[in-house]
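Engineer: Have a look at this one before I ask anything.
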Amino acid sequence: MSTLQSALERASAGERLSREDALALYTDAPTHVLGRLADAVRARKHPQRIVTYIIDRNVNYTNVCVARCNFCAFYRPVGSSAGYVLGFEEIFRKIDETIAVGGIQLLLQGGHNPDLPLTWYEDLFRAVKQRYPEFKLHALSPPEVIHLSRLSQLPVPAVIDRLVAAGLDSIPGGGAEILVDRVRTLLHCLGKATADEWLGVMRHAHRAGLRTTATMMYGTVETLDERLEHLFRLRELQDETGGFTAFITWSFQPDHTELGEQHGVTAEATGVEYLRTLAIARLVLDNFDNLQSSWVTQGGKVGQLSLAFGANDMGSVMIEENVVRAAGAAYCMDEVEIVRNIEDAGFIPKRRTMHYDVLGDPIFRERQVPRMLELATARADGDMSMPSELVNYAARSREGKAARHQQ
Ligand code: SF4
């Protein structure tokens, strides 16, 4: 029997796949067969045909970053006139707008800004929780936690404990890219977190009782086998901790990135490759309950198709997006559109929490909410104002110190 044949049999029987099986399927199985296999796993795990989504807001508190990953079009170097830090009041306003459309949490991530010490995050989280006790903070991907650990000279578990005490509810799985150090070196992101360091933060978070998500950005310089290594490392940690709620994958968006403009990696992965990758993830990650569709990078139609390739969740209604948009792609769908896509594909839409607890039917069917036909941005164009509370926090960089003295 060929390797492909035995891999197909194992996948059809719902058995755990080996790396060899996964590679044979990823390389050689027809796309519709991968879809059928992944859909069978989705149906086993979610037999009620419910497809969930969350209403939250993707807020990037700063775009200043010392990591300088070459696939990133979002960051600005320290001292750049286009660098920003959001003020607490601006973040409260964003929370008010989120709550107005039925939102329940912020997905809060940002650059590695040397001029924001750990106390800034703690004060922000406490202020949010004091004003909005029920509102959730899904915040700070593993590389941001590592950055804070280095900046504060505290070990990662101590940083996590302090953030949790201040109000952190869960950790998003950003910054994973591909969890293989050869790839991370080429993407200039090994310094922000090695594969082991990324997984180490998640291990500590899970041990501290937090749930987190896991992600994969593919389509840069990695091989198919390295994508699989990424998936197998996630599966291994999930076997150990069970702390991941969901997996999300998206393709590299090349516009305005150093990797695209200076290193010639300009081809964007196709929708078919996305669907194949999603299906393989569903088959390999047999210990993950939830796979999200990445419609923000793929568009509504591929997002809808992903429900036939293993996804059982449409991710976030989003409201705001800055990172993907900076790299030339960001589709927008409000709750009405997401629900239409789910129902047209034959599923039942339900709102959920970050923990995948179902909250109810679409909010727009319960009460009137404003339509959102365009994603918001972190700030209005040209607004470079510095929040007044920043003077209370010690800056690390020369430029940051100078700016605070001028305030
Ligand atoms: S991906 Fe994140 S860490 Fe890397 S440069 Fe962009 S903002 Fe900084």
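Engineer: How do the peptides 286-299, 344-357 rank, highest first, by the average count of neighbouring beta carbon atoms within 10 Å per residue?
Structural biologist: In descending order of packing, they fall as 286-299, 344-357.
Engineer: While we're here: By how many nm would the segment from A345 to D196 lengthen if fully extended, with 0.36 nm per residue of separation less the alpha-carbon distance?
Structural biologist: In short, 49.8 nm is gained.
Engineer: Taking +1 at the Cβ of each Lys and Arg and -1 at the Cβ of each Asp and Glu, which of P47, I95, H138 sits farthest along the dipole of region 41-192 towards its positive end, judged by Cα position relative to the Cα centre?
Structural biologist: P47
Engineer: Place the peptides 122-129, 138-145, 42-49 in order of packing, highest mean first, counting for every residue the other Cβ atoms within 10 Å and averaging per peptide.
Structural biologist: Values: 122-129: 18.2, 138-145: 26.4, 42-49: 13.5.
Put in order of decreasing packing, that is 138-145, 122-129, 42-49.
Engineer: Next up: Give me the number: length gained by fully extending E240 to R367, i.e. 0.36 nm times residue separation minus the C-alpha to C-alpha distance, one decimal in nm.
Structural biologist: Here the answer is 41.5 nm.
Engineer: Sticking with this structure for a sec: Taking the Cα centre of region 290-407 as origin, work out the dipole magnitude from +1 charges on Lys and Arg Cβ and -1 charges on Asp and Glu Cβ, in debye rounded to 20.
Structural biologist: 400
Engineer: Something else now. Report the extension gain between T270 and D28 in nm, rounded to one decimal, defined as 0.36 nm multiplied by the number of residues separating them, less their alpha carbon distance.
Structural biologist: Details: separation 242, 0.36 × 242 = 87.12 nm, distance 1.69 nm.
Between T270 and D28, full extension yields an extra 85.4 nm.
Engineer: Now for a different question. Within region 29-70, which residues have the backbone N less than 18 Å from the label spot 7 Å out from V358 along Cα→beta-carbon, could you tell me?
Structural biologist: Zone members listed by number: 42-55.
Engineer: Then there is this: At a 1.4 Å probe, what is the % contribution of carbon and sulfur to the accessible area of the chain?
Structural biologist: Ligands and nucleic acids excluded, carbon and sulfur give 50 percent.
Engineer: Moving on. Just add up the charged neighbours of D239: K/R +1, D/E -1, any other residue whose Cβ is under 13 Å from the Cβ of D239.
Structural biologist: After counting each charged neighbour, the total is +1.
Engineer: Right, something else. With only Lys, Arg, Asp and Glu charged, each at its Cβ (+1 for the first two, -1 for the last two), find how big the charge dipole of the chain is about the Cα centre; round to the nearest 20 debye. If you can, show how the numbers build up before the last one.
Structural biologist: Numbers: 44 positive and 52 negative charges, 120 e Å.
Taking the Cα centre of the chain as origin, the dipole is about 580 debye.
Engineer: Can I ask one more? Between R36 and S2, what is the spin-label point distance in nm, taking each point 7 Å from the Cα along the Cα→C-beta axis?
Structural biologist: In this crude spin-label approximation the distance works out to 1.6 nm.
Engineer: While we're here: In sequence order, what are the phi-derived ³J(HN,Hα) couplings for region 187-194 according to the Karplus relation 6.51 cos²θ - 1.76 cosθ + 1.60 with θ = phi - 60°, rounded to whole Hz, with x for glycine and proline?
Structural biologist: Rounded to whole hertz, the list is 8, 6, 10, 5, x, 6, 5, 6.
Engineer: If I take every Cα pair under 8 Å that is 6 or more residues apart in the chain, average their sequence separation and divide by the length, what percent do I get for the relative contact order? Walk me through the intermediate numbers first.
Structural biologist: Values: 768 pairs, mean separation 93.7, N = 407.
Taking the mean separation of contacting Cα pairs over the length of the chain, I get 23 percent.
Engineer: Under the Kirkwood approximation for Rh and a Cα-based Rg, what ratio Rg/Rh is obtained for region 250-330?
Structural biologist: The Rg/Rh ratio comes out at 1.00.
Engineer: Could you compute the FRET efficiency for H188 and A208, with r as their C-beta to C-beta distance and R0 at 35 Å, rounded to 0.05?
Structural biologist: Taking R0 as 35 Å, the efficiency between H188 and A208 is 0.75.
Engineer: Each label point is 7 Å from the Cα along the Cα-to-Cβ direction; what then is the distance between the points at S388 and S12, in nm?
Structural biologist: 7.0
Engineer: Pop the C-beta distance of E89 and K45 into the FRET formula with R0 = 60 Å and round what comes out to the nearest 0.05.
Structural biologist: Computed FRET efficiency for E89 and K45 comes out at 0.90.
Engineer: What spacing in nm lies between the two simple spin-label points modelled at A100 and S397, each 7 Å away from Cα in the Cβ direction?
Structural biologist: Each label point is offset 7 Å from its Cα along the Cβ direction, giving 3.3 nm.
Engineer: Now for a separate question. Could you grab the relative contact order for region 46-172? Cα pairs under 8 Å, six or more apart, rounded to a whole percent.
Structural biologist: 26
Engineer: Could you pull out every one of the lysines with an alpha carbon less than 30 Å from that of K45, ignoring same-chain neighbours closer than 8 positions?
Structural biologist: Cross-link targets: K136, K301, K350.
Engineer: Starting at the first residue of region 297-302, write each ³J(HN,Hα) from the Karplus equation 6.51 cos²θ - 1.76 cosθ + 1.60 with θ = phi - 60°, in whole Hz, x for Gly and Pro.
Structural biologist: With coefficients 6.51, -1.76 and 1.60, one gets 8, 9, x, x, 6, 5 Hz.
Engineer: Now, a different point. For region 249-304, what is the relative contact order in percent, using Cα pairs closer than 8 Å and at least 6 residues apart in sequence?
Structural biologist: Working: 38 pairs, mean separation 20.3, N = 56.
Result for region 249-304 is 36 percent.
Engineer: Among V183, L390, G299, flag the residue with its Cα farthest along the positive direction of the charge dipole of the chain, charges on Cβ as +1 for Lys/Arg and -1 for Asp/Glu.
Structural biologist: Among V183, L390, G299, the one farthest towards the positive end of the dipole of the chain is L390.
Engineer: Where the centroid of each part is defined by its Cα atoms, how far is region 329-379 from region 219-271 in Å?
Structural biologist: Their Cα centres are 26 Å away from one another.
Engineer: Cβ neighbours within 10 Å, averaged per peptide: list 76-88, 379-391 in order, most packed at the top.
Structural biologist: The peptides rank, most packed first, as 76-88, 379-391.
Engineer: When the Karplus curve 6.51 cos²θ - 1.76 cosθ + 1.60 is applied with θ = phi - 60°, which whole-Hz ³J(HN,Hα) does each residue of region 54-63 get, with x for Gly and Pro?
Structural biologist: Values, residue by residue: 10, 9, 8, 10, 8, 10, 9, 5, 8, 10 Hz.
Engineer: For region 158-195 and region 52-75, what is the centre-to-centre distance using only Cα atoms, to the nearest Å?
Structural biologist: Using only Cα atoms, the two centres lie 13 Å from each other.
Engineer: Which is farthest toward the positive dipole end of the chain among L108, H32, L285, measuring Cα position about the Cα centre, with Cβ charges +1 (Lys, Arg) and -1 (Asp, Glu)?
Structural biologist: Most positive-ward Cα: L108.
Engineer: Round to a whole angstrom and tell me the spacing of the C-alpha centers of region 76-147 and region 15-45.
Structural biologist: 38
Engineer: Using the Cα centre as the reference, give the magnitude of the dipole from point charges on the C-beta atoms of region 1-107 (Lys, Arg: +1; Asp, Glu: -1; all else neutral), rounded to the nearest 20 debye. Could the numbers behind the result be given before it?
Structural biologist: On the way: 13 positive and 11 negative charges, 17 e Å.
Computed charge dipole of region 1-107: roughly 80 debye.
The values are calculated or read from the model by the stated rules, or taken from the named source; none is laboratory data. From a predicted model like this one, the values you see are computed outputs, not experimental measurements. Here Cβ is always computed from backbone atoms with ideal geometry, including for glycine, and neighbour counts include all displayed protein chains. Just the protein is used for accessible areas: all its heavy atoms, side chains included, with ligands, DNA and RNA removed. Shrake-Rupley method; radii C 1.70, N 1.55, O 1.52, S 1.80 Å.
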